[in-house]
1. Being without any contact (Cβ under 8 Å) to a residue 12 or more places away in the chain and either of a type in the set (D, E, K, R) or assigned to a loop (DSSP other than H, G, I, E, B) (or both) is the filter here; which residues of the range 231-253 pass it?
2. For the range 218-230, state whether one or more residues are assigned to a helix (DSSP H, G or I) and either of a type outside the set (Ser, Thr, Tyr) or in contact with a strand residue (DSSP E or B) (Cβ under 8 Å, 6 or more places away or on another chain) (or both).
3. For the range 172-183, state whether one or more residues are under 17 Å from Gly358 (Cβ atoms), under 13 Å from the mean Cα position of the chain (by Cα), buried (at least 16 other Cβ atoms within 10 Å of the Cβ) and modelled with pLDDT of 90 or more.
4. Select, from Leu364, Leu373, the only residue that is at pLDDT below 90 and not small (Gly, Ala, Ser).
5. Quick check on the range 116-127: of everything there that is of a type outside the set (D, E, K, R) and surrounded by 20 or more Cβ atoms within 10 Å (Cβ to Cβ), which residue is farthest from Gly78 (Cα to Cα)?
6. Scanning for something crowded, with 18+ Cβ neighbours inside 10 Å, at pLDDT below 95 and under 20 Å from Val156 (Cβ atoms), does the range 399-419 turn up at least one residue?
7. Within the group Leu294, Leu312, which residue is more than 23 Å from Val157 (Cβ to Cβ) and either in a helix (DSSP H, G or I) or not assigned by TED's automatic domain parsing to the domain that holds Thr409 (or both)?
8. Mind checking whether some residue in the range 321-336 is under 22 Å from Lys160 (Cβ atoms) and in a helix (DSSP H, G or I)?
Amino acid sequence: MKLVGVVKHQNPEPDDLASTRPLVVLNPRRIVMAKSRQKHAFAIIFLVYLMINLGLNFGETLVSPFAKSLNATPVLIGVSATGFTYGSIVFRVISGPAIDYFNRKRLLLISVMIITASFLGEACATSVQMLVIFRITQGIGQAFTAPVCLTLAAGVVSRKKMASGIGTLAVARGVATLLAPIVALKISEVTSYKTSFVIAAVIESASIIAILNMHVVSPQHTRHEHFKVSLNGVIAKAAIPPALLQFFFMMAWSSVFAFLVVFGQEQGLGSNVGFFNTVYGIAVFAAAPLGGRLVDRYGYYMLIPMLLLMALALWVISFAANLWLLLIAAVLGAFGYGAAGPVARSMAMSVVPEQRRGAASSTLFVASDVGQLVGPVIGGLLVAHFGYAVMFRVAPIWILVAAILLLVTKPMIERKALETSAAMEKVE
């Protein structure tokens, strides 16, 4: 950037900033270099997020059958499967303030090291109790990984392309969901569960190399400021509306995570139910970035068709007596929840300044975790009284609530995003 002089007028008006402001001419070469650095930084963040999720999905696939091999009861199998959420929810409370205060690269590094150590512990587990302890420990690391990666990605994506950028980041998770379960099950068949957990730890360790090559900007604060956990540090008020959207998304879609396999088996689909995740993961490749681009171009009302597709996917699942209907539901779900989830995350990032993105990500993921815990509980009660099909048909009620919330809060969200963007431009 170079200054070419001051443009003067004979009768400048007091409010005319252009009359006294230096004329700035942007160097095209520097713009290209800056964009290149941003793309490189985003590529590294994408790679890190991909490898973290590959390891996590690799391990998640094996937890339930491994717990069963340790003679766990159905209840304890469920506790083992969801054990990470207990550690995650507790430490989400400090993840927001920590991300906004400490070096984010180091924070991510420590989190991945905790997850790696947990997988090694799970490989050595000789009882269900040991397995649950290491699962809870794993959740401590997971409390930071996704929020840190989201915050880092938001920092290198322009605000005008925030939704498409976060949508592209979501593809990493889709790839992990597509590849890891299949490979994990095959390896566990050939070797053992313990060996497979060690491989999951190796995958997480590999992500450490990528993290060490990251170049990120750390939060700025003065020397007299000390790290503290406060309500303001944990919750970003501006991010509450998108966090509530994510909460209702998970209240509905968590029924798929929790009950699809059992429902598919009851429908006589057997192991073919696993193709739902395969097709969903492939479709997310297109759905997540496309949804982001549509929102960047046309605004948040583009969420409405995504919510309709999410609701339709749940209804199709409820009638899925054959594999083809289930696969159609997977595609609908990818363009529904697979596209809408990243948009909610981009909302949370766009309504807060850089130094508050940790709190915003904490707000969002706490809401997501609560929805993922409460949704299956309510869904289970519906299953007990009315069956799986009715439960899937009732779940879209939560999506309707999300749609109403979007219509009510959209003007406020857009206004706050514009105010934040303008304030950040002044600082820059």
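The values are calculated or read from the model by the stated rules, or taken from the named source; none is laboratory data. Only a predicted model underlies this, so the values are computations on that prediction, with no experimental measurement involved. Cβ atoms come from the backbone with ideal geometry, glycine included; neighbour counts cover every protein chain shown.
1. Lys237
2. We begin by selecting, within the range 218-230, every residue assigned to a helix (DSSP H, G or I); these are none.
Checked against the condition, which is being assigned to a helix (DSSP H, G or I) and either of a type outside the set (Ser, Thr, Tyr) or in contact with a strand residue (DSSP E or B) (Cβ under 8 Å, 6 or more places away or on another chain) (or both), the range 218-230 yields no hits at all.
3. Within the range 172-183, none of the residues are under 17 Å from Gly358 (Cβ atoms), under 13 Å from the mean Cα position of the chain (by Cα), buried (at least 16 other Cβ atoms within 10 Å of the Cβ) and modelled with pLDDT of 90 or more.
4. Leu373
5. Here is the first cut: in the range 116-127, the ones of a type outside the set (D, E, K, R) are 116-121, 123-127.
Cutting the leftovers down to surrounded by 20 or more Cβ atoms within 10 Å (Cβ to Cβ) gives us 116, 118-119, 123, 125.
On the way: Thr116: 22, Ser118: 18, Phe119: 18, Ala123: 19, Ala125: 17 Å.
The selected residue is Thr116.
6. Yes, the range 399-419 has at least one match.
7. Residue meeting the stated conditions: Leu312.
8. For the range 321-336, residues under 22 Å from Lys160 (Cβ atoms) and in a helix (DSSP H, G or I): absent.
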